[in-house]
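Single-structure report; data block below.
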Amino acid sequence: MAGFEGVEVGFAEMGAGDAIISVEATDMSFFKKLSNLFSSKSGAPMGWVTVKCNRCGEVIRARVNLYNDLSLEYDEDGKGTYFCRKVLIGEQHCFQRIEVELTYDANRKLLSREITGGQFVEV
Ligand SMILES: [Zn+2]
């Protein structure tokens, strides 16, 4: 039984290892800066489109997010334009679909607009 005693002593020696991990080494300011970077919302510019339903005359106002709602397209000259298509349905019960197509230049300035099912209203 002398051999078993030897094994027990061996485990006891291994458990005495110094394995304390230092947490202080983490640079918290780095993570703070990183989270500020992601949380700071640069307010996306908004465009508004106001239309009047051809069928019931309801005026519908829709918001266009000039970053999220636009898709970049290139014309034959390689010039980039932004395109946005929206289908508006009023809150009345006429269910007329009003389709709006907006084209913006590279600076997100409105170039042209098309509408079916309604008319643009200037506000
Ligand atoms: Zn309508």
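Remarks
- Enumeration of residues in the range 97-114 that are within 16 Å of the ligand (Cβ to nearest atom) and surrounded by 16 or more Cβ atoms within 10 Å (Cβ to Cβ): I98, V100
- Enumeration of residues in the range 89-123 that are on the phi > 0 side of the Ramachandran plot and either of a type in the set (D, E, K, R) or within 26 Å of the chain's Cα centre (by Cα) (or both): R108
- Listed conditions (1) of a type in the set (S, T, Y); (2) in a loop (DSSP other than H, G, I, E, B); (3) within 16 Å of the ligand (Cβ to nearest atom) are all met by Y67, apart from (3).
- If you go through the range 41-62 and pick out every residue that is assigned to a strand (DSSP E or B) and surrounded by 11 or more Cβ atoms within 10 Å (Cβ to Cβ), you end up with 11.
Bear in mind that the values in this text are calculations on the coordinates, not laboratory data. Here the structure is a predicted model, which is why all the values come from computation and not from measurement. When we count neighbours, we look across all protein chains shown, and the Cβ atoms used for this are built from the backbone with ideal geometry, even at glycine.
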